[in-house]
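The values are calculated or read from the model by the stated rules, or taken from the named source; none is laboratory data. Keep in mind the model is a prediction, meaning the values are calculated, not measured. Here the Cβ is made from the backbone with ideal geometry for all residues, glycine too, and neighbour counts use every protein chain on show. With ligands, DNA and RNA removed, areas are computed over all heavy atoms of the protein, side chains included. Shrake-Rupley method; radii C 1.70, N 1.55, O 1.52, S 1.80 Å.
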Amino acid sequence: MLLTRLIYVSDLNADVSFEAEQMLSSARKLNKSNFVTGALWFTGAQFIQVLEGGRHAVSETYHRIAKDTRHQNIELVSCNTVDERIFQDWSMGFFGDTETNRAQVLKFSVTDSLQPERMTADSLLAALRSLELSE
Ligand SMILES: Cc1cc2nc3c(=O)[nH]c(=O)nc-3n(C[C@H](O)[C@H](O)[C@H](O)COP(=O)(O)O)c2cc1C
């Protein structure tokens, strides 16, 4: 079982209701039991999520998330074996849709509007590490 980090981006499905708190409470329970850690940023329109843990757990979690109709157009940004976790203290750290967070991520972006699908995995990780936790 190899330690693995996976990053994906997706779009909110505006036709389905999305309640961050509700989703997070069940996701965190599942992640704890699978020893999956990570971070999720919701921009108001898109999700950027990092999942880290054993390869089997990360793979299983990603496939479950990918079937969720609350988001769509899921794009895999990267999936690598890694030496250590970055978000080891969070069963799923959540960064909300704030002005501060948006401005911060633009520091790592080549465009002047947010286009996470055009950012490298390293930039996305660096950006997420620099955000303020919302919940
Ligand atoms: C943006 C987003 C992020 C999610 N993150 C996680 C997560 O980190 N872990 C998890 O188990 N479920 C996560 N979920 C929820 C799963 O998609 C799924 O609803 C949940 O794991 C329960 O699966 P089940 O309905 O097949 O039992 C996320 C859903 C969305 C829309």
Scan the range 107-132 for residues that are in a loop (DSSP other than H, G, I, E, B) and either surrounded by fewer than 11 Cβ atoms within 10 Å (Cβ to Cβ) or hydroxyl-bearing (Ser, Thr, Tyr) (or both) and jot them down.
-> Lys107, Ser109, Val110, Thr111, Asp112, Ser113, Thr120, Ser130, Glu132
Would you call Leu2 touching a helix residue (DSSP H, G or I) at 6+ places or on another chain (Cβ under 9 Å) and in contact (Cβ under 8 Å) with a residue 12 or more places away in the chain?
-> yes
Is it true that some residue in the range 78-87 is assigned to a strand (DSSP E or B) and either within 16 Å of Leu128 (Cα to Cα) or modelled with pLDDT under 95 (or both)?
-> yes
Considering every residue within the range 50-60, establish whether at least one is farther than 22 Å from Glu99 by Cβ, away from the ligand (no atom under 11 Å from the Cβ), hydroxyl-bearing (Ser, Thr, Tyr) and assigned to a helix (DSSP H, G or I).
-> yes
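Output the number of residues of the range 40-95 satisfying the condition of being β-branched (Val, Ile, Thr) and open to solvent by 80 Å² or more (accessible area, probe 1.4 Å).
The initial filter retains those residues of the range 40-95 that are β-branched (Val, Ile, Thr), namely 43, 48, 50, 58, 61, 65, 69, 74, 77, 81-82, 86.
Restricting the remaining residues to those that are open to solvent by 80 Å² or more (accessible area, probe 1.4 Å) gives 69, 81.
Counting residues in the range 40-95 that are β-branched (Val, Ile, Thr) and open to solvent by 80 Å² or more (accessible area, probe 1.4 Å) gives 2.
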